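The values are calculated or read from the model by the stated rules, or taken from the named source; none is laboratory data. Computed from a predicted model, the values in this text were never measured in an experiment. In this analysis, Cβ positions are derived from the backbone assuming ideal geometry, glycine residues included, and neighbour counts consider all displayed protein chains.
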Amino acid sequence: MHGAFDVSLEPEFELDALRTSEEIQRCGAEVLKWLQSLASSDEPRDVDIALVREIHYRWFATTFPADAGRERTQMVLNRKGTAVPVEAIIPGIANACDNWNWRREHCRPEDPGDEVRFIIAEANCVTVSLYDVHPFIDGNTRTTWHVRNYALMLDGLEPLTELSDEAAYNAVWWPATPLEHQPLDDRLIEELANHDR
Amino acid sequence: MRDQTENLLLLAENRRRRMASGRPVFDLTPEQYERSAYWAMRVAQASKSQVAERDDCAAPVAA
């Protein structure tokens, strides 16, 4: 996944970065298809550590099978400098998921417009929280991208499938924190509304 | 907070339609699955580029 890591790349993809990238992207599309079927099912999966692991596993099972679905066992430096120590990974994931589940159950507004904003804000909150924990040696952005898509779909919003303004998205995604993510919420509302027109 | 009233009303109305049967129903195309994965990869790549540019990386970098 990245040259700095001692990761085990599936032999058929060795020395072929483009093919590896294409395979990961293919898997990412399949992950979203799977999550959509879960969200629409009679008994959707909970947002919990098992789901987070499985999303990561499905992204990377064919390219990096040794690391797919497994939390990291060493400290890393992520762009935001938020990665937690190894022993804090599982509590961090559990806390993020528990908070999302509790607020979804107890804090939902009644007004339909307010409810949409709430769904988007909470989806961003759990996404940023999980990203900041940085559970995996690599693939955290991609995993949490689909965690958010699942959270959106569970509550009837379409997943994020297009960025009309990549620079604007990156400008609010990277500074977002679990407590301060309103600019990211606004950006996501605009992106989702663009697709819903 | 930016005024998003129009966008929120639009999203709420479409959400109401998707949830009419009690559980969400989506009509996503194969291209939409692919585009979502593509954008996830793009954002991830941006994180790697930024970290790699830093010269104070004592630990492995991750995206």
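Here are some notes:
- Candidate set from the range A:55-65 (those that are buried (at least 19 other Cβ atoms within 10 Å of the Cβ) and not aromatic (Phe, Trp, Tyr)); member that is farthest from A:Arg104 (Cα to Cα): A:Thr63
- The set of residues from the range A:78-136 being among the aliphatic types (A, V, I, L, M), touching a His at 6+ places or on another chain (Cβ under 9 Å) and under 22 Å from B:Ala44 (Cβ atoms) comprises A:Ala83, A:Val84, A:Ile89, A:Val128.
- One residue from A:Arg108, A:Arg104 being within 21 Å of B:Leu11 (Cα to Cα) and part of a helix (DSSP H, G or I): A:Arg104
- Selected residue (criterion: nearest to the other protein chains (Cβ to nearest Cβ)) from residues of the range A:91-118 that are surrounded by fewer than 18 Cβ atoms within 10 Å (Cβ to Cβ) and within 16 Å of the chain's Cα centre (by Cα): A:Asn101
Every residue, every condition in (1) more than 7 Å from every other protein chain (Cβ to nearest Cβ); (2) assigned to a helix (DSSP H, G or I); (3) surrounded by 19 or more Cβ atoms within 10 Å (Cβ to Cβ); (4) at pLDDT below 95, yes or no:
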| residue | (1), (2), (3), (4) |
| --- | --- |
| B:Asp3 | yes, no, no, yes |
| B:Leu9 | no, yes, no, no |
| B:Ala12 | no, yes, yes, no |
| B:Arg15 | no, yes, yes, no |
| B:Ser36 | no, yes, yes, no |
| B:Ser47 | no, yes, yes, yes |
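- Scanning the range A:77-90 for residues that are farther than 16 Å from A:Leu51 by Cα, assigned to a helix (DSSP H, G or I) and either of a type outside the set (A, V, I, L, M) or away from chain B (no Cβ under 12 Å) (or both) yields A:Glu87, A:Ala88.
- Candidates A:Ile137, A:Ile93, A:Ile119: the one that is of a type in the set (Val, Ile, Thr) and more than 30 Å from B:Ala12 (Cα to Cα) is A:Ile137.
Residues are listed down the side, and each one gets a yes or a no for (1) within 8 Å of chain B (Cβ to nearest Cβ); (2) basic (Lys, Arg); (3) over 27 Å from A:Asp155 (Cα atoms); (4) surrounded by 20 or more Cβ atoms within 10 Å (Cβ to Cβ):
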position	(1), (2), (3), (4)
A:Leu18	no, no, yes, no
A:Val31	yes, no, no, yes
A:Trp34	no, no, no, no
A:Arg45	no, yes, no, no
A:Asp48	no, no, no, no
A:Arg53	no, yes, no, no
A:Asp67	no, no, yes, yes
A:Arg72	yes, yes, yes, no
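- From the list A:Asp186, A:Asp132, the lone residue that is assigned to a helix (DSSP H, G or I) and at the interface with chain B (Cβ under 7 Å from one of its Cβ atoms) is A:Asp186.
- Cross-chain or 6+ apart pairs with Cβ under 8 Å, the range B:38-50 first and on the phi < 0 side of the Ramachandran plot, then among the aliphatic types (A, V, I, L, M) and at pLDDT below 95: B:Ala44/B:Ala63; B:Gln45/B:Ala63; B:Ser47/B:Ala63; B:Lys48/B:Val61; B:Lys48/B:Ala63
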